[in-house]
Structure formats: structure tokens, C-alpha cells
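Bear in mind that the values in this text are calculations on the coordinates, not laboratory data. Given the structure is predicted, the values throughout are model-derived calculations rather than measurements. Note: ideal-geometry Cβ built from the backbone for every residue, glycine included; neighbour counts use all protein chains shown.
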Amino acid sequence: MVTPFKRIILFACLATTVFGAPASSSSSTLTVGNWDGLAEPVRGGLGAPILGPQNMQLQQENPDILAPPTTDHGSVPNAKWPFALSSNRLQTGGWAREQNVNAMPIATSMAGVNMRLEPGAVRELHWHKTSEWAYVIKGSTQITSVDQDGRSYISVVHPGDLWFFPAGIPHSLQATADSPDGSEFLLVFPSGDFSEDSTFQVTDWLAHVPKEVLAKNFQLNITAFDHIPSRELYIFPSNPPTSNAVVSNPQGQVPNPFSFPWSKVRPTKLNGGSVKIIDSTVFNISTTIAAAEVTVEPGAIRELHWHPTQDEWTYYLSGQGRVTVFASSSNARTFDYQSGDIGYVPATFGHYVENTGNTTLRFLEIFNADRFQDISLSQWLALTPPALVKAHLGFSDETIAHLSKTKQIVIGPA
């Protein structure tokens, strides 16, 4: 019986038809992001259509959860969280939403915040128990800070650029008027249980100090504090910052800048994409976060690899892709990602990132580390004695000769 919805069962062969990417008959993805129909838990001769209630949008966005590849097996914790499902804290002048272990329990070593500020809006003077790493998505943001030695820093950070504040260093964020939309950015913190709601705010602190103590501390008349807010401001509207906002400082400026113009770094072009890496060897102050910005063209793949010592927190900027996470002991699970999604891969877990769409896939790989590190499966096999590889995998001499002795990072379509 045909339903009014024109129910369509998407067999594995449609993955090639929709996106032009070759796929194996046994484990190809049911890619339905651009398919005007209904996804079903059917793969080849396995599964059956759903008869009960359905959330069609979620099913279409997660075809490899709905109908897993036959190579998936065992149990791997959920490694996907869309910022779209995070509760949004709305303020006059902007908003903020977060992901931490409450949303994705597997993500124990990092948490993220997505924040938007209208032109002139301020993320108030504050500090954290952990360091803060930021990537500007849209617009420009003026950052200010003073370190433990009284040295100051002020800079305007543009799209694709970064900032980093060490743990406990006070700072502020303010959207400029460079864009009529203000600014939006991604914040990453090297602690899975970080909460944006547990930040130390200057207004919150002063609201909980007796006024006579404030007067004594600042050597002012007590009436000077009659108008301090009774509770934290967090995000509030203000006039856009001016170009002459720098304050004269007898202690001077911080020796290592708190921002880095990553947008000006040319990516390394690869067969099927590109990559550029940032860590403390280049951005010296960033001692707890390292990152890579990767692009993968349609039909290409971020090669099979793993990270030896640090978990990977992934943020998808554009496009769509899939990742199979291998957790050892025959445990493997495939996840589908779209722009705005967060992924997570624990240290040592093997994985790849495949572009399953028809546009460029762009994402950030972020690590709680001072250096970027990965191990390429292809390079490892190529640099292992051929007889040993043959004994393990049954490869021919021709296959072994084809293995790359250098990291490819991204591999184009065959």
C-alpha cells in the first residue's frame, strides 16, 4: 500500500546515485540529506519500514544511525551533539548555548560554547577556572585582558582568527560594528564539565561585596557604588568599541599575544581538500588547546587515523559527512554530521571523516593539548616490513607498493 507520503525505502545503491560517491554494497551509507523522501531502517535485505510515529528530519539527518552499515558492531557511546539541541541563554544583545558532559557524556576532556553578540554588545568582564580558546565564525570581536603582572592586551579578532586566555586571566568580549550582524564565535574549554553558567563575573562579584568594603578597597566615597548592578549582566548592549580604546599601561603589554590571525595562514593544499594546523609552536600562549581546520571535497575522505594521547572535539562548520568510530574489541559505530554539529573521538580510537555531500565539508579538529598529533594508518602500514603486512592483511605486493609513506591527511576520490 502506498501512503500519502510516497514512502521511499532507500537502498544502499542510492548513495552513489545521490552524491556520486562510490560505496561498497555491504556497508554504504543511506545518505538522504538531499533526498525528497522518507528514510527507513532498511539496508539491502536487512531491516523493515517503521510503522509507528517518526521524526523524519532526524532520520534523514542520521541515516547511519537509522540503518547502520553492516560493519558497525557492538557498543560505542553517542559521539554527536548538535548545538541546535542545546538550551539557549537569551540576553538583551545576544545569546549563548553550550555543550558539556551533561549533553554528551563521552566528551570528558572538552566542552564548547556558541555565542552571538549584536554590534556593540558586551560579554561582560569575567574569568574562568579553565583556559578559553575561541574561533571567530562571523563578524569581528574586540577582546581585552589584563594578566597576573598587570600587563594589558586589546585586539580586534576577525572571522577565522583565534583568541586564547589562560585559566584565571580576566577578559571581556565585545562585538564591533564592522558587520551589521555583530559577531558570532565558538568557545572551547579544556574541561568536559565546564559550564558557562559557572563563570566568575565582575558584576556578580561586586553585587555580593558590602559597599563599605568596596569603598575601602577602591578608596572612593560609598556613593560611587550606588548604581552597580544587583546581579550579573553576562551579555548586555552597549555602543560599539572605538579604535582608540587602548588604555595607557605603565606595566606594558603582555609578551605573548592573546589572539592569532589564523585566517591569514594559507592552508596546505591536498589531494581532495586542505589542512592548516595551529598549536603552541605557532600560537605560543595556547598551551592547552591545539587545532586543525580541515576541508574535504565531495567524494574525498579525511584518512583513517587516530590521535595517540588526546581526545578530539570536532566542530562542523559547513557541509555534511560521516565518521565511523572504532573503539577496539569489535566495537564500531557510524555517525552522520552536518554544519553546527559537534563530534567527539576519544584518544586512540580509529576513525575517518568522509564527505557524504555535494559541497565542501569543513570542520575543526580540536584537542586538549599543546601540540597537534595524529597517526596515519596508511603511513604506518607503508613503513612496516611488507612480509608482516602481508601476514596480517593478505595484501599483494602491488597493494603494498601503493601505500603512502607520507601522511596524506585528506585523500581525494579514487
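With neighbour counts taken as other beta-carbon atoms within 10 Å, the residues TYR316, TYR344 rank, fewest first, as TYR316, TYR344. For region 81-260, relative contact order (Cα pairs under 8 Å, six or more residues apart, normalised by length) works out to 29 percent. Each residue of the chain gets 175 Å³ once the volume of the Cα convex hull is shared out per residue. Taking the fewest neighbouring Cβ atoms within 10 Å as the starting point, the ordered list for TRP262, TRP313 is TRP262, TRP313. The tail of the calculated P(r) for region 86-187, taken as Cα-Cα distances beyond 16 Å, holds 58 percent of the pairs. For SER230 and THR348, the FRET efficiency from 1/(1 + (r/R0)^6), where r spans their Cβ atoms and R0 equals 45 Å, is about 0.35. For the chain, the relative contact order comes to 16 percent (Cα pairs under 8 Å, sequence separation of at least 6). Over 23 Å between C-alpha atoms is what I'm after, so list which of LYS80/LYS405; LYS80/LYS129; LYS269/LYS407 land there. Over 23 Å Cα-Cα: LYS80/LYS405; LYS80/LYS129. Of all lysines in the structure, not one has an alpha carbon short of 19 Å from that of LYS216, not counting any fewer than 8 places away in one chain. Dividing the summed -39500 (n - 2.57) terms of all DSSP H runs of n ≥ 4 by the residue count of the chain sets its mean residue ellipticity at 222 nm at -2500 deg cm²/dmol. For a straight C-alpha distance cut-off of 20 angstrom, the lysines reachable from LYS138 (same-chain residues fewer than eight places away being disregarded) are LYS264, LYS276.
Going by neighbour counts of Cβ atoms within 10 Å, the residues VAL122, VAL389 line up, fewest first, as VAL389, VAL122.
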